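The values are calculated or read from the model by the stated rules, or taken from the named source; none is laboratory data. Only a predicted model underlies this, so the values are computations on that prediction, with no experimental measurement involved. Neighbour counts are summed over all protein chains in view; Cβ atoms, including those assigned to glycine, are modelled from backbone coordinates with ideal geometry.
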Amino acid sequence: MKNTLKLLAVATSFILSTCISVQAEETELDRVAAIVNSGVVLESEVKSLISNIKQQSKKNDQSLPSDRALRTQVMDKLINDSLLLQIGERMGVQVSDAQLDDTLTNIAKDSDMTLEQLRKSLVAEAIDYEKYRENIRTELISGEDDLPEGFEHWIVKFNAQNDFPDSGQVEYAYSLMAKSAGIDMPETRLFKVESGKSYFGIKRFDRLNNRRFHVHTFGNLIHSNFRRPECDYETFLKVILDLTKNHQDLERGFKQMVFNVMANNRDDHVKNFAFMITQEQEWALTPAYDLMYSNGPYGEHSMSLNGEGLDPGKKEIYVLGQKLGLSSKIVLSNIEQVRAAVEKWEEFARIAGVTEKTKDIIQQKIKKKIEKSS
């Protein structure tokens, strides 16, 4: 009995000492960085995203804002992500594993990789693949489920790392400017949130209530990687004629090209143009989208004009018009209509709430492009 008691005493002593040791090694619990309605943003999430951004920035030799400004941007993103998830849950919108895998496969294809190669590349960069996968799920606005009555399909865009701080306002001003030039665009607006920030939104042209229309980007149609600036507008315009057999679509595509030149939208890669099957079951050029001030890859247009990507102008515009059978009168009419709209950039910028600093930067570039193209 004494031996039994002694063993119990030793065991109890061991357990107590173990508990004390474990307690001594405990670390500080994760704390809440922000409360978002019924959800929370954890400090560990903030630190993890900041670390990933800094790692990628160092790898790509990109500059970053101050730590304080970066933290603010990261908090904004995580709060917005949380809000989107909560809205999705209330509406019953879910992104299935199959949808997620399809998206990840497409992301991998855009980088000329298989899904497994993408996973290995992320692991090699010390990025947790499962976290990356769930982040993609969060960022997806799938549009796969029917919306309740009274809702509409919109795409709302958030700032990328190297965007203007007021990029939402800039893109909204560009949409107003494009419409003034006679370019076909869907309805656009700014979505303002409680923090005072504004985000650019564009109504989806591939949805009519809960009906979906098939869309094919120009890049996928010709099997061209949008990350490689290897295409010319001549190819794009010829594909419009071959696919749609519609001269009006050709003129619409031509005018968008002129706008991209004058407005210095050099992010005019092959995925930023698309075709869709209409209600009449015919191919048509889609309305314009992603019209935004951009310096492009290495300061050039993603798609060249008659071989010129760095500084295309009136000469290249007229040559392409002639190649596609457009009369000088039509070419001149498009140039003048676009110029009249782009010259009002400052007016559209004020309407959209673009800051003076951003407005002036874009105005200086636009002025040079107008002179070169008119």
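Please find, among 155, 141, the residue that is under 30 Å from residue 354 (Cα atoms) and modelled with pLDDT of 80 or more. Spell out the reasoning first.
Numbers: 141 fails: modelled with pLDDT of 80 or more.
Result of the check over 155, 141: 155.
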Residues of region 305-346 that turn out to be in contact with an Asp or Glu (Cβ under 7 Å, 6 or more places away or on another chain) and of a type in the set (Lys, Arg), as a count: 1
Before we move on, is residue 167 surrounded by 16 or more Cβ atoms within 10 Å (Cβ to Cβ), of a type in the set (S, T, N, Q) and modelled with pLDDT of 80 or more? yes
Listed residues 52, 80; which is assigned to a helix (DSSP H, G or I) and at pLDDT below 80? 80
Six or more apart or on different chains, Cβ atoms under 9 Å: show the pairs whose first residue is in region 219-241 and closer than 14 Å to residue 320 by Cα and whose second is surrounded by fewer than 19 Cβ atoms within 10 Å (Cβ to Cβ) and of a type in the set (Lys, Arg). 234/323; 237/323; 238/323
Is region 41-49 home to any residue that is outside the structural domain of residue 122 (by TED's automatic domain parsing), modelled with pLDDT of 85 or more, exposed (fewer than 14 other Cβ atoms within 10 Å of the Cβ) and in a loop (DSSP other than H, G, I, E, B)? no
Scanning region 295-330 for residues that are within 20 Å of residue 268 (Cα to Cα) and of a type in the set (Val, Ile, Thr) gives 317, 319
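So, residue 317, is that one outside any loop (DSSP other than H, G, I, E, B), modelled with pLDDT of 95 or more and either in contact with a Ser or Thr (Cβ under 9 Å, 6 or more places away or on another chain) or surrounded by 20 or more Cβ atoms within 10 Å (Cβ to Cβ) (or both) or not?
Working: outside any loop (DSSP other than H, G, I, E, B): yes; modelled with pLDDT of 95 or more: yes; either in contact with a Ser or Thr (Cβ under 9 Å, 6 or more places away or on another chain) or surrounded by 20 or more Cβ atoms within 10 Å (Cβ to Cβ) (or both): yes.
When the stated conditions are applied, residue 317 passes them.
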In region 358-374, which residue that is in contact (Cβ under 8 Å) with a residue 60 or more places away in the chain and polar (S, T, N, Q) is surrounded by the fewest Cβ atoms within 10 Å (Cβ to Cβ)? 374
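Yes or no: region 88-98 includes at least one residue that is modelled with pLDDT of 80 or more and over 23 Å from residue 156 (Cβ atoms). Spell out the reasoning first.
Step one: list which residues in region 88-98 are modelled with pLDDT of 80 or more, which gives 97-98.
From the residues that got through so far, the ones that are over 23 Å from residue 156 (Cβ atoms) too are 97-98.
So far as region 88-98 goes, yes, one or more of its residues are modelled with pLDDT of 80 or more and over 23 Å from residue 156 (Cβ atoms).
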Checklist (1) over 16 Å from residue 284 (Cα atoms); (2) in the same structural domain as residue 299 (by TED's automatic domain parsing) applied to residue 196, failing item: (2)
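Out of curiosity, is residue 328 in contact with a His (Cβ under 6 Å, 6 or more places away or on another chain) and assigned by TED's automatic domain parsing to the domain that holds residue 271? So that I can check it myself, show each step before the final result.
On the way: in contact with a His (Cβ under 6 Å, 6 or more places away or on another chain): no; assigned by TED's automatic domain parsing to the domain that holds residue 271: yes.
The answer is no for residue 328.
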